[in-house]
1. Give 113, 81, 97 a once-over and let me know the one that is in contact (Cβ under 8 Å) with a residue 24 or more places away in the chain, over 21 Å from residue 146 (Cβ atoms) and crowded, with 16+ Cβ neighbours inside 10 Å.
2. Sort through 79, 90, 83, 30 and tell me the only one that's touching a strand residue (DSSP E or B) at 6+ places or on another chain (Cβ under 7 Å) and modelled with pLDDT of 95 or more.
3. Return yes or no: is residue 163 more than 24 Å from residue 42 (Cα to Cα) and assigned to a loop (DSSP other than H, G, I, E, B)?
4. Working only within region 11-27, note down all residues that are farther than 16 Å from residue 117 by Cβ, touching a strand residue (DSSP E or B) at 6+ places or on another chain (Cβ under 6 Å) and touching a residue at least 24 places away in the same chain (Cβ under 8 Å).
5. More than 19 Å from the chain's Cα centre (by Cα), at pLDDT 95 or above and in a helix (DSSP H, G or I): is that true of residue 152 in this structure?
6. So if I check each of 23, 63, which one is at pLDDT 85 or above, farther than 29 Å from residue 127 by Cβ and assigned by TED's automatic domain parsing to the domain that holds residue 145?
7. Quick check: anything in region 104-124 at pLDDT below 95, farther than 21 Å from residue 17 by Cα and in a strand (DSSP E or B)?
8. From the list 12, 48, 18, which one is more than 30 Å from residue 94 (Cβ to Cβ) and surrounded by 13 or more Cβ atoms within 10 Å (Cβ to Cβ)?
């Protein structure tokens with residue numbers, strides 16, 4: 001069945017995304033109407049220092065809870081994925097990274113709702129800088145350094161047993177996905 005986008009109505013626009021009502025039709029017959037989110041492209045960085053992965057603890061207003069995450073954010077106009085990754089890591093952690101490498105690209109996190117295009121990178125911590133959060137971010141000042149083997153073990157416990165990843169806190173969905181990609185490539 002060939003479907004064609006026949007109607008698109010902008011509902012709301014934010015810095016990060018646009019929300020639309022869309023209708024798809026087949027031979028002039030409406031088949032599907034849905035509310036969707038079109039997101040700006042973003043990056044997620046897995047910072048590594050020695051054999052440890054570096055996490056942040058960030059508040060998410062969608063659930064009203066904190067989650068363990070890797071630094072992530074939008075690619076700003078004029079930036080490529082590497083420039084955005086350096087900037088976001090420094091902003092959210094106060095760490096500088098180098099030797100960035102793309103791990104996964106065109107990661108669509110929840111295609112039932114959003115077309116979010118997330119590029120996942122890894123990088124080696126190379127120094128300390130000044131942390132400066134965006135006004136809409138609430139991130140704990142403490143960075144969490146966890147040994148790679150411990151991360152792998154805790155990820156599996158969270159995924160298969162429902163046990164919180166660390167200090168009674170779960171991983172965000174994007175961080176889970178990033179870790180699955182990381183361990184699939186590195187284990």
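The values are calculated or read from the model by the stated rules, or taken from the named source; none is laboratory data. From a predicted model like this one, the values you see are computed outputs, not experimental measurements. Every residue, glycine among them, receives a Cβ derived from its backbone with ideal geometry; neighbour counts consider all protein chains shown.
1. On the way: 113 fails: crowded, with 16+ Cβ neighbours inside 10 Å; 97 fails: over 21 Å from residue 146 (Cβ atoms).
Just a single option satisfies the conditions, and that option is 81.
2. The match here is 90.
3. Here the answer is yes, as residue 163 does meet what is asked.
4. Once the filter is applied, which keeps residues that are farther than 16 Å from residue 117 by Cβ, touching a strand residue (DSSP E or B) at 6+ places or on another chain (Cβ under 6 Å) and touching a residue at least 24 places away in the same chain (Cβ under 8 Å), region 11-27 yields only 11.
5. Considered against the rule, which asks whether it is more than 19 Å from the chain's Cα centre (by Cα), at pLDDT 95 or above and in a helix (DSSP H, G or I), residue 152 comes out as no.
6. Checking each option against the conditions leaves just 63.
7. yes
8. The unique qualifying residue is 18.
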